[in-house]
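This report refers to the structure that appears directly beneath it.
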Amino acid sequence: MKKTIISIFAAVIALSSCQSLDLVSTYQVASSNVWGKATLARQAVNGIYNEFYTRSSTTVNEDNWNVMYEAYSSVMDTDKNWYENQKVCYGNGTPSSGTFSEMYKYYYTFVFRANDAITHIDQVPDMDASEKAKLKAEAKFLRAYGYMNLNVLYRGVPLYLEYIEDASKANRPRSTENEVWEAIIKDLTDCVEEEALPDRYLAGSQDYGRVSRGVALAYRGQAYQWMAARSGEDPRHYIELALADYEALEGLGYALYTGDGANSFKTLLKPANEQCDEMIFAIRCTQTPGMGNPRAVLFGNRDTGVTSGAWNNYIPNPAYVESFENADGSKFDWEDYLPGWNDMTPEQRSVFFLRNEMTDNEKADMTEYGADMSRYQSKSNESRIQAAYDNRDPRLKMAIITPYSVYHGGIAGVAYDFTLRWPYRADTKEPRDVRTDTNSMYYYLWRKYVPEGLENTIRWVYEQDNILCRYAEILLRRAECLNELDRTDEAVALVNMVRSRAGHILLNTNSYTTVAGKDDMRERIRNEFYWELGGEDSMYFNELRWGVWLDRKFRDRSSGNVGEMNSNGLMQIWGSKTYTWYALGDYVEAWPIPAKEREMNPSLTQNPGWND
């Protein structure tokens with residue numbers, strides 16, 4: 001079915017400003033005329049949505065500010081060509097860094113485009129009241145979306161809730177973090193209560209991807225959870241409000257996708273299922289330059305069947321992979337599969353990952369590298385390491401290409417099966433090893449969002465929608481709320497729905513899965529977030545909300561060890577580091593107010609710890 005997607009705003013309307021923030025909207029036609037005709041007014045609202053493509057388009061995917069949020073989390077790291085761009089992780093960030101100013105500008109563009117529409121939509125003469133109310137509600141959601149991201153990153157920013165015609169007057173001081181959350185909740189409440197907004201858009205609707213009441217409920221629940229975590233007040237009130245919003249979504253018909261049986265978790269992220277009942281809010285993608293899902297390339301590998309292959313810029317962290325439970329719900333431990341693992345250096349452990357029947361030259365190279373070749377098994381090395389991945393939570397191998405597992409890709413328009421082996425030999429002839437941009441290193445690779453076979457043959461135009469919120473996350477958020485309200489048994493039931501869809505053992509089934517109270521359940525729920533949502537751009541904000549980001553991102557937890565701070569980073573599967581992340585201090589949990597913005601608006605105060 002040919003997609004109907006949001007029209008491209010830039011074809012009719014261009015927003016520009018000499019200021020850092022896009023405070024003033026200037027149009028190819030006079031501003032008064034935009035709000036004097038319904039067709040132009042609709043396109044103006046569409047233009048707010050188009051900001052989603054700015055962070056997804058091929059024109060900016062290499063910009064230093066445009067790193068996926070998930071790469072700031074403990075789930076994954078970026079390859080060595082990109083890692084210096086993550087200023088809060090690399091340790092070289094200052095308020096003058098482009099990362100901070102560009103992200104600040106990006107989300108304020110949502111705000112000021114939305115303010116223009118909210119202020120002027122009522123004066124459109126040839127539009128009925130119901131459509132005006134609907135478009136105004138959509139703009140309020142998109143304003144709230146911009147402020148949610150700003151508030152998480154910068155923790156208190158100036159509030160502009162009306163159209164600013166003169167950019168020189170956009171000089172307000174920062175509102176408090178709580179004041180911004182309250183404004184966000186007000187906008188989202190207006191959306192929830194707006195009768196002109198539909199409850200949700202069903203698959204096939206020409207308006208699929210636009211804001212609905214369901215979308216507003218999902219995000220208002222998240223805002224309440226942030227208030228519970230950050231307001232300094234008794235969190236119980238906000239948790240109850242969040243829970244009510246999440247529970248209301250069930251009545252709107254959202255549900256886990258189970259249409260492919262035991263394989264549903266994997267095929268959920270395929271174009272055929274992008275409008276299933278699990279999807280709440282997503283960026284519509286299509287096979288059009290600038291409107292495709294870039295993760296197909298950035299998560300892929302050189303054997304991903306697109307022109308010239310993909311890049312594997314984002315690499316799963318070993319500690320994340322090791323966190324996935326065994327099939328019986330017990331914690332994974334390398335010692336159970338490879339006795340002596342913990343007493344070996346990472347280089348010595350590399351022996352376990354070597355391919356069968358290596359050549360003499362390959363053996364010599366690995367001996368020089370430091371592999372303990374006394375443990376090498378020429379005929380069974382591959383099957384020995386495979387066993388460590390086969391008996392695990394099924395989501396592991398559905399999300400990650402693990403050692404000696406098969407990836408169905410393609411080269412030059414022909415589909416083949418490739419296997420992730422080490423050392424790499426060739427992908428152009430049998431037995432075909434997976435080739436990467438990092439062939440001198442042995443990293444885990446993503447399956448999530450990565451096309452298979454000849455599913456997608458042109459770079460940057462993969463049509464799988466970029467998911468922003470799906471129902472599995474809402475179930476886990478409901479479970480969080482229930483557990484914090486001392487309703488742990490009800491929380492278990494929701495988590496089991498998610499585990500059941502993946503084919504994983506249910507909680508309270510055996511001694512390993514038996515929940516030992518509220519605190520234990522809290523950790524189990526958080527783990528479920530990682531296993532279910534890892535790679536989907538959710539976990540950085542969750543780690544910040546839980547207050548665990550510094551510990552998770554900067555402390556090496558791989559191989560069953562908990563290292564010192566500033567010991568984590570990009571590493572090969574067996575733990576050898578390519579680089580290490582460095583936190584300047586606890587204050588990096590909040591991003592700095594950009595120096596450029598403070599020059600233009602002296603009333604802006606700086607976040608503690610950051611010096612201009």
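The values are calculated or read from the model by the stated rules, or taken from the named source; none is laboratory data. Quick caveat: nothing in here was measured; it's all calculated off a predicted structure. Note that each Cβ is placed from the backbone with ideal geometry, even for glycine, and that neighbours are counted across all protein chains shown. Note: accessible area is taken over every heavy atom of the protein model, side chains too, but ligands, DNA and RNA are not part of it. Shrake-Rupley method; radii C 1.70, N 1.55, O 1.52, S 1.80 Å.
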Legend entry - Within region 251-334, helices (runs of 4 or more DSSP H) holding 3 or more residues that are touching a residue at least 24 places away in the same chain (Cβ under 8 Å) and surrounded by fewer than 23 Cβ atoms within 10 Å (Cβ to Cβ): 318-323
Legend entry - Residue within region 516-528 that is farther than 21 Å from residue 227 by Cβ, open to solvent by less than 10 Å² (accessible area, probe 1.4 Å) and among the basic types (Lys, Arg) present: no
Inset, instruction - Return yes or no: is residue 496 under 20 Å from residue 249 (Cα atoms) and modelled with pLDDT of 95 or more? - result: yes
Inset, instruction - Just need a number here: residues in region 459-496 that are acidic (Asp, Glu) and part of a helix (DSSP H, G or I). - result: 5
Inset, instruction - For residues that are without any contact (Cβ under 8 Å) to a residue 12 or more places away in the chain and of a type in the set (Asp, Glu), scanning just region 232-250, find the one that is farthest from residue 493 (Cα to Cα). - result: 233
Inset, instruction - For residue 358, work out the one condition from (1) farther than 25 Å from residue 314 by Cβ; (2) part of a loop (DSSP other than H, G, I, E, B); (3) free of Cβ contacts under 8 Å to residues at least 40 places away in the same chain it doesn't fulfil. - result: (3)
Legend entry - Number of the exception - residue 493 against (1) in contact with a helix residue (DSSP H, G or I) (Cβ under 8 Å, 6 or more places away or on another chain); (2) farther than 30 Å from residue 365 by Cα: (1)
Inset, instruction - Tell me which residues, restricted to region 555-612, are assigned to a helix (DSSP H, G or I), within 23 Å of residue 323 (Cβ to Cβ) and touching a residue at least 60 places away in the same chain (Cβ under 8 Å). - result: 558, 559, 560
Legend entry - Candidate set from region 210-248 (those that are among the β-branched types (Val, Ile, Thr) and surrounded by 24 or more Cβ atoms within 10 Å (Cβ to Cβ)); member that is farthest from residue 179 (Cα to Cα): 211
Legend entry - Test: residue in region 472-493 that is modelled with pLDDT under 95 and among the hydrophobic types (A, V, I, L, M, F, W, C): no
Inset, instruction - Tell me, please, whether a residue that is surrounded by fewer than 18 Cβ atoms within 10 Å (Cβ to Cβ), in a helix (DSSP H, G or I) and modelled with pLDDT of 95 or more can be found in region 99-117. - result: no
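Working carefully through the options 122, 126, 77, find the one that is touching a helix residue (DSSP H, G or I) at 6+ places or on another chain (Cβ under 7 Å) and in a strand (DSSP E or B). Full working, then the answer.
Working: 122 fails: in a strand (DSSP E or B); 126 fails: in a strand (DSSP E or B).
Just a single option satisfies the conditions, and that option is 77.
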Inset, instruction - Of the conditions (1) farther than 18 Å from residue 572 by Cβ; (2) open to solvent by less than 10 Å² (accessible area, probe 1.4 Å); (3) part of a loop (DSSP other than H, G, I, E, B), residue 410 clears all except one; give me its number. - result: (3)
Inset, instruction - Identify the residue in region 158-180 that is without any contact (Cβ under 8 Å) to a residue 60 or more places away in the chain and over 20 Å from residue 136 (Cα atoms) and, among all such residues, is nearest to the chain's Cα centre (by Cα). - result: 177
Legend entry - Which numbered condition residue 17 misses (of (1) open to solvent by 10 Å² or more (accessible area, probe 1.4 Å); (2) modelled with pLDDT of 85 or more; (3) touching a Leu at 6+ places or on another chain (Cβ under 8 Å); (4) among the small types (Gly, Ala, Ser)): (2)
Inset, instruction - Restricting attention to region 385-403, report how many residues are open to solvent by 50 Å² or more (accessible area, probe 1.4 Å) and of a type in the set (D, E, K, R). - result: 2
Legend entry - region 564-612, residues that are open to solvent by 10 Å² or more (accessible area, probe 1.4 Å), within 24 Å of the chain's Cα centre (by Cα) and under 22 Å from residue 148 (Cα atoms): 586, 587, 589, 590
Legend entry - Tally of residues being open to solvent by less than 30 Å² (accessible area, probe 1.4 Å) and touching a residue at least 60 places away in the same chain (Cβ under 8 Å) across region 181-209: 4
Inset, instruction - Test residue 450 against the stated conditions and say whether it is among the β-branched types (Val, Ile, Thr), in a loop (DSSP other than H, G, I, E, B) and at pLDDT below 95. - result: no
